[in-house]
Amino acid sequence: GAAHSAGMVLQELAGAPSLSTAAGGVGDAAGEVQLSRLRWAVLLLFSSYSLCSAFQWIQYGSINNVFVRFYGVSAFAIDWLSMCYMLVYIPLLFPVAWLLDKRGLRFIALAGSALNATGAWVKLGSLKPHLFPVTVLGQVICGLAQVFILGMPSHIASVWFGSHEVSTACSIAVFGNQLGIAAGFLVPPILIPNVEDVEKLAYHISLMFFMTAGVASALFILVIIVFKEKPPKPPSRAQALIQSRPPAEYSFVQSILRLLRNANFLLLMVTYGLNAGCFYALSTLLNRMVIHHYPGEEVNAGRIGLTIILSGMVGALISGIWLDKTKTYKQTTLVVYIMSLVGMIVYTFTLSLGHLWVVFVTAGLLGFFMTGYLPLGFEFAVELTYPESEGTSSGLLNVSAQIFGIAFTISQGQIMDRFGTKAGNLLLCSILFLGTVMTAFIKTDLRRQQANLENNQT
């Protein structure tokens, strides 16, 4: 209500020459602030096709042992069906960030949803054991789609949502991706039982691929119809300032160079990569860990993954609401990072106790904080780097996450094969400890909040 009242006052004042002149046009920009009703539809649609993308990322890893037998390849080859998402992202971040600046948000949404649907249909051509290269091609295309999706939550939140709801919106956008991973853990073990008959196995795999392709295609059509570039009027004063800036003032290359000279952002980029990289490794290798200690429990391995994600979605939503209420970015990020470390330690030392219910509880605790950290990192980055493009800052965080994700997945997989699951998980514990220490050195520099505050005072 206060934000709305302030907007009404600024709209009335915007016509006064003195304010416009004194603020150099800022008053006019601020006077145009208005929330669009379409913002929730755009957010829901983005979350939905992000969900579909995330489902396709983990759909092989959640039943790793089944696909190993069907295609007659190594477990490491199936791990690469997950890691190819990470590998493709790294070289394509900057071209896609440049496209976001030049072609806009709608083009990025169309490209992401179109590639996601295309990859899903390609996989339908891989329903024979000798057609593993075809499923690799389909997964690589889906990995391309992810480049157009993964870094968008904070950008969509900033372009479409007001300053009092931007962190919640970012959390909901990340929420969709996490829900997709949850579905990727839950659905494949149910749809594809571990049967001996290859023909029956191919039939069950085809069901999953057909359902995925149908949903991805429907979402692409909805993006064409519903998704708009931006609302008619900016939703916040910070966004109004960005939109009122002449295009000639903005340089994509200079923006990246400024980000790479921002010491606080660089620290956050590394710490975010360490945390998210651990999450990627844990998600990719979870099936192998659980099956090692609890043979024949493929379905429960998927449910444990589901527990990690669902509890993490609750954590992400609570984090977003908390940030909108308190704006305590540094403190909240540090506390969540510490609790991620605690959760990882508890999970590591309880996995081998022989009680599945204990694994469910400890995995849920770990997921609540580790997954809940993801939107925190996005929003903290936007605060530290305003007025740079949210897509670029989020993209750099994700590049860090993909690089560390590949390194940690390979390293932990090799350690697990040679020394057991506990040694592999201890590697992740040590990494999270390092990330916690580095997070403590990030200085609070909330530039976006300062811009909103200064505009309100003006």
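The values are calculated or read from the model by the stated rules, or taken from the named source; none is laboratory data. Being a predicted model, the structure only gives us computed values, none of them experimental. Don't worry about glycine lacking a Cβ; one is built from the backbone with ideal geometry, like all the others, and counts go over all protein chains shown. Just so you know, the surface numbers come from the protein's heavy atoms only, side chains and all, with ligands and any DNA or RNA stripped out. Shrake-Rupley method; radii C 1.70, N 1.55, O 1.52, S 1.80 Å.
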May I ask you to list the residues in segment 132-151 that are in contact (Cβ under 8 Å) with a residue 24 or more places away in the chain, among the aliphatic types (A, V, I, L, M) and open to solvent by 10 Å² or more (accessible area, probe 1.4 Å)?
Val136, Val140, Ile141, Leu144, Leu150
Among the numbered criteria (1) of a type outside the set (Ser, Thr, Tyr); (2) in contact with a Leu (Cβ under 6 Å, 6 or more places away or on another chain); (3) surrounded by 24 or more Cβ atoms within 10 Å (Cβ to Cβ), which one does Ile308 miss?
(2)
Per the filter on segment 196-249, residues of a type in the set (Ser, Thr, Tyr) and at pLDDT below 90 are Ser236, Ser244
Can you tell me how many residues in segment 216-244 are surrounded by fewer than 18 Cβ atoms within 10 Å (Cβ to Cβ) and β-branched (Val, Ile, Thr)?
4
For segment 168-197, pairs from a residue that is open to solvent by less than 20 Å² (accessible area, probe 1.4 Å) to a residue that is basic (Lys, Arg), with Cβ under 9 Å and 6 or more apart or across chains, are Ala169/Arg39; Phe185/Arg303; Pro189/Arg303
Some residue of segment 383-395 being within 16 Å of Thr271 (Cα to Cα), open to solvent by 10 Å² or more (accessible area, probe 1.4 Å) and in contact (Cβ under 8 Å) with a residue 60 or more places away in the chain
no
Could you check segment 62-159 for helices (runs of 4 or more DSSP H) lying wholly inside it with 1 or more residues that are among the charged types (D, E, K, R) and touching a Leu at 6+ places or on another chain (Cβ under 9 Å)?
64-71, 75-103, 105-123
